Amino acid sequence: MNPNKELWEKGNFSKLAETMRDSADRLVDRLGVTPGMKVLDLACGDGATALPMARRGADVLGVDIARNLVAAAQARVAAEGLTNVRIVEGDACDLSDLPDDSFDLVLSMFGAMFAPCPLDVARGTVRLARPGGRVVMGNWIPDDPTMPAQILRLMHEYGPPPPPGFVPPTAWGIEANVIERFGQAGIPPEAITMEPAFKEFRLDGPPSALLDIFLNYFGPVIRVFEALGPGPRADELRARMLALIERENLGDDGKTLIRARYLLVTVRVPQPAG
Ligand SMILES: C[S@@+](CC[C@H](N)C(=O)[O-])C[C@H]1O[C@@H](n2cnc3c(N)ncnc32)[C@H](O)[C@@H]1O
């Protein structure tokens with residue numbers, strides 16, 4: 001099986017996505033999604049941004065590699081009775097079954113950054129956006145002190161050595177890489193804007209409850225603990241994760257609120273000259 005698919009089908013990412021619903025909604029407001037807009041939500045998870053875009057009247061296609069998350073997104077779509085959003089299984093590394101210039105907006109929040117094929121992602125997303133359209137990515141930033149980047153760093157530190165040629169997902173959080181990758185897809189640097197943005201994790205429970213969600217439901221964390229097995233190193237990793245979440249917590253009264261920084265990338269796909 002595709003290791004990336006296997007990784008994300010572990011656990012149940014929805015449990016973590018539920019802590020970020022408000023944030024996804026606010027991002028969609030910021031994107032200026034309007035009725036009738038054609039949108040591809042690439043690596044859409046359980047529909048975190050696909051549903052809010054559809055509620056605002058966009059015509060949305062959600063694509064994700066994880067079968068369980070596709071099913072979760074489809075169930076959420078059905079529960080709301082939305083008819084303008086379709087969710088299908090697919091791989092950001094091979095979008096060849098979708099026609100060129102099909103979307104006003106191609107969005108991938110903390111999604112396509114995890115596909116092990118950055119140039120295919122850059123070329124594929126640019127090909128699918130119409131001239132004058134946008135590609136928008138949200139990418140965690142390597143070495144950022146806020147929680148998600150630090151969780152990913154800890155997984156790298158305690159996890160098994162990556163396979164040869166592995167490109168870290170957070171390489172998408174470095175501006176020079178973004179320019180390089182989209183440059184190879186024919187996008188000039190002046191068509192790319194990058195800015196820091198913030199995502200919030202909110203939980204009606206203490207930091208230890210957020211830790212439990214990571215440990216029991218988040219594929220990349222589950223995989224590292226499976227490889228470690230029980231023992232002092234696993235205990236140490238759990239303790240470091242809890243200390244990190246407690247340090248980053250802005251909530252009070254036994255609640256958890258984490259603000260996490262990411263790189264918001266907007267590519268404006270040029271119109272053909274003439
Ligand atoms: C951190 S989750 C983010 C999900 C969603 N975009 C959100 O904001 O909640 C990462 C998502 O990327 C998906 N993913 C990872 N690699 C992928 C690939 N190669 N093609 C499509 N989806 C992929 C995973 O299945 C997972 O749903």
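Since every read-out is calculated from the coordinates, none of them should be taken as a lab result. Treat the numbers as computed from the prediction; the structure is a model and nothing was measured. Heads up, the Cβs are rebuilt from the backbone with ideal geometry, glycines too, and the neighbour counts pull from every protein chain shown.
Taking the listed residues Ile245, Ile258, the one that is β-branched (Val, Ile, Thr), more than 30 Å from Arg127 (Cα to Cα) and in a strand (DSSP E or B) is Ile258, with no other qualifying. Taking segment 199-228 as the range and being in a helix (DSSP H, G or I), in contact (Cβ under 8 Å) with a residue 60 or more places away in the chain, under 21 Å from Phe110 (Cβ atoms) and aliphatic (A, V, I, L, M) as the test, the residues that pass are Leu210, Ile213, Val221, Ile222, Val224.
Checking Asp59, Asp97, Asp144 one by one, the residue that is free of Cβ contacts under 8 Å to residues at least 40 places away in the same chain and more than 15 Å from the ligand (Cβ to nearest atom) is Asp59 and no other. Looking only at residues in segment 147-164 that are free of Cβ contacts under 8 Å to residues at least 12 places away in the same chain and within 16 Å of the ligand (Cβ to nearest atom), which one is nearest to Thr49 (Cα to Cα)? Going through the qualifying residues, I end up with Arg153.
The set of residues in segment 1-20 being in contact with a helix residue (DSSP H, G or I) (Cβ under 6 Å, 6 or more places away or on another chain) and either over 16 Å from Ala112 (Cβ atoms) or more than 8 Å from the ligand (Cβ to nearest atom) (or both) consists of Glu9, Lys10, Gly11, Asn12, Ser14, Lys15, Leu16. Considering segment 79-159, the qualifying strands (runs of 3 or more DSSP E), each wholly inside and each with 1 or more residues that are small (Gly, Ala, Ser) and crowded, with 21+ Cβ neighbours inside 10 Å, run over 103-109, 129-140. Scanning segment 21-52 for residues that are within 12 Å of the ligand (Cβ to nearest atom) and in contact (Cβ under 8 Å) with a residue 40 or more places away in the chain turns up Ser23, Ala24, Leu27, Leu40, Asp41, Leu42, Ala43, Cys44, Gly45, Gly47, Ala48, Thr49.
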